[in-house]
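A.B. asks: This structure is in structure tokens; I'll ask about it shortly.
A short reminder: the numbers here are calculations on the coordinates, not readings from a lab. Bear in mind that the values here come from a model prediction, so they are computed numbers and not experimental data. Don't worry about glycine lacking a Cβ; one is built from the backbone with ideal geometry, like all the others, and counts go over all protein chains shown.
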Amino acid sequence: MSNVPSDLKYTKTHEWLRTLPDGTVEVGITDHAQHALGDLVFVEVPEAGRKLSAGEPFAVVESVKAASDVYSPIAGEVTAGNAALAAEPEAINSDAYGKGWLMRIRPSAGASATLLSPADYEKLIAEEGD
Amino acid sequence: MTRRTPLFDLHQKLGARIVDFGGWDMPLQYGSQIAEHHAVRRGAGVFDVSHMCVADLKGARVRQFLQSLLANDVGKLKVPGKALYGCMLNETGGVIDDLIVYFLGESGFRAVVNAGTRDGDLVWMRRHAAAFGVDILERTDLAMLAVQGPEARGKAASLLSPPGATSALALEPFFGREIDGWFVARTGYTGEDGFEIMLPAAEAQRVWKALNSAGVTSCGLGARDTLRLEAGMNLYGSDMDERTSPFESGLAWTVALEPRERAFIGRGALEAIRARGPQRKLVGLLLEGRGVLRSHQKVLVPEAGEGEITSGTFSPTLERSIALARVPAAAGASAQVDIRGKLLDARIVRPPFVRHGKALVSPEVI
């Protein structure tokens, strides 16, 4: 069973969001997504300062099987990419919601995002199966 | 409707992720694909390869039949039990399939062909077998397990009777033999030592569980693919097909043009290709930096033109990305690969990348 923490928000494309005390938002891929991808072997994260619009690909995660884009759930400016993943991409497999974070972003003023509650996200992955 | 092997229920019980492979429901992985890969390089793993087609060939002229059917020469098979790898070609020299044939002695030969091509292969073989009076019997009553890794033979032999174990452990590489009602062959697709075991389908689940109990890791098609690619072995349909000849597929060593009088299907086309020189070749690629090579990525070769990756992956043993690629014959030692619009440097190397657990490309020069 996939782990869906109750204190996060989610997207239909399997990203999670955590709002940090300073107002920035931490983004990663869900436990369900890492499980579907399999062992991750290469991750490309964005540089701080990069401006993103909502829905724009900001990272590439590659497993043994395939490469996948990860989409920014919200418009804003990247404040940090998780550089540690270059040496340890498997942290996404073992700790998707912790050490496996991909970027931190400061949302643009007035930016909005269509997000799913944990319950809605659980429903989505139950419908997708596996 | 996909097909299932006699082990399907057990794969599900073991928690395998099941995928469609050539029309078969097969296990991709049971847990971590990389852990399964390392189990085979360092210990022992077992794969369900029952989706492959085992066919027994019988008839007074069966040897002549295979000598006309295959680009490699079964005339090399003089001792019962000896196996030969080769290609079955069409008239234009393209590869219909690659296969292994075992010489069984008086009772004929046994061929093992790929799952995705089995139906077409059988039609082709039967069409040509008629003239030689050869019968082709598909052995759907058998399951096939590949037990691979440095500890594989010892662990598999522990399931046999004492004389059976002695007999199995005495097998030379690329030999097979009937032992205790199984056909045990010292062959494989991983670059490691091991056995491929053909056994009655009804025994397959019991044997799989006994292998697990003996410390053999269940491995899926995911690990099978990274292992064979590290070992520099081709995958039919990816690295060669009916449009490519063995010469352009790294398989010249499987083409027996001697003796000259042996007429086999595709011979004329191969001689013509050889006379003008193959335009392309299949090479190994080692990505210099970070990233993962994937099939169909474009390969740019300085002053020689363009090629394409036919199989690419991340090598768990080398912790680098490796690939097989078809490139212009004039390609030298280096190339660039277009990965999502970025050109990354790659080194052209001669496969295999890994054999018997050892890297054959040294990390310090990467």
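A.B. asks: Sort B:5, B:92 by Cβ crowding within 10 Å, fewest neighbours at the top. Present the calculation step by step, with values, prior to reporting the outcome.
C.D. replies: On the way: B:5 22, B:92 14.
Lowest to highest Cβ neighbour count: B:92, B:5.
A.B. asks: By how many nm would the segment from residue B:61 to residue B:358 grow when fully extended, if each residue of separation counts as 0.36 nm and the alpha-carbon distance is taken off?
C.D. replies: Once the chain is fully extended between residue B:61 and residue B:358, it gains 102.6 nm.
A.B. asks: Roughly how many nanometres apart are two label points built 7 Å out from the Cα toward the Cβ at residue A:19 and residue A:56?
C.D. replies: 2.3
A.B. asks: Taking the Cα centroid of the stretch B:1-44 and of the stretch B:170-215, what is the distance between the two, rounded to the nearest whole Å?
C.D. replies: Spelled out, the Cα-based centre of one part sits 17 Å from the other.
A.B. asks: Measure off 7 Å from each Cα along the Cα-to-Cβ vector at residue A:99 and residue B:161, then give the distance between these two points in nanometres to one decimal.
C.D. replies: About 5.3 nm, to one decimal.
A.B. asks: Could I ask something else about it? Please give the net charge around residue B:68, taking every other residue with its beta carbon less than 13 angstrom from that of residue B:68, where Lys and Arg add +1 and Asp and Glu add -1. Show your work: numbers first, answer last.
C.D. replies: Numbers: positive: B:61, B:63, B:127, B:262, B:267; negative: B:73, B:91, B:261.
Once positives and negatives cancel, what remains is +2.
A.B. asks: Specify the residue with the greatest mean-square fluctuation among B:241, B:141, B:25, computed from a Gaussian network of chain B linking alpha-carbon atoms under 10 Å apart.
C.D. replies: Among B:241, B:141, B:25, the largest GNM mean-square fluctuation belongs to B:141.
A.B. asks: Counting DSSP beta bridges in the protein assembly as shown, what percent are antiparallel, to the nearest 5? Could the numbers behind the result be given before it?
C.D. replies: Details: 105 of 110 bridges.
Roughly 95 percent of the beta bridges in the protein assembly as shown run antiparallel, per DSSP.
A.B. asks: Find how much the distance from residue B:333 to residue B:127 grows on full extension, using 0.36 nm per residue of separation minus their present alpha carbon separation; answer in nm with one decimal.
C.D. replies: Working: separation 206, 0.36 × 206 = 74.16 nm, distance 4.39 nm.
Using 0.36 nm per residue and subtracting the Cα-Cα distance, I get 69.8 nm.
A.B. asks: What pairs in A:65/A:123; A:9/A:123; B:209/B:358 have C-alpha atoms more than 21 Å from each other? Don't skip to the answer; put the middle values down first.
C.D. replies: Details: A:65/A:123 26 Å; A:9/A:123 14 Å; B:209/B:358 29 Å.
Cα-Cα > 21 Å for A:65/A:123; B:209/B:358; rest within.
A.B. asks: Further question: Between residue A:7 and residue B:340, with labels modelled 7 Å along Cα→Cβ, what's the label distance in nm to one decimal, could you check?
C.D. replies: Label-label distance for residue A:7 and residue B:340, simple model: 3.1 nm.
A.B. asks: Turning to a different aspect of this structure: Which value, in debye to the nearest 20, gives the size of the charge dipole of the stretch B:99-229 about its Cα centre, when Lys and Arg are +1 and Asp and Glu are -1 at the Cβ?
C.D. replies: On the way: 13 positive and 15 negative charges, 35 e Å.
That gives a dipole near 160 debye.
A.B. asks: For the peptides B:170-177, B:246-253, B:36-43, B:53-60, what is the packing order when you average, over each peptide's residues, the other Cβ atoms within 10 Å and list the highest mean first? It would help to have the intermediate numbers written out before the result.
C.D. replies: On the way: B:170-177: 15.9, B:246-253: 20.6, B:36-43: 22.1, B:53-60: 18.9.
My ranking of the peptides, most packed first, is B:36-43, B:246-253, B:53-60, B:170-177.
A.B. asks: Got a sec? How would A:121, B:85 order by Cβ neighbour count within 10 Å, fewest to most?
C.D. replies: On the way: A:121 22, B:85 17.
Going from sparsest to densest Cβ surroundings: B:85, A:121.
A.B. asks: Right, next: Using Stokes-Einstein with the Kirkwood hydrodynamic radius over Cα pairs, what translational diffusion coefficient do you get for the stretch B:153-271 at 10 °C and a viscosity of 1.306 mPa s, in µm²/s rounded to a whole number?
C.D. replies: Values: Rh = 17.0 Å.
Rounded, D is 93 µm²/s.
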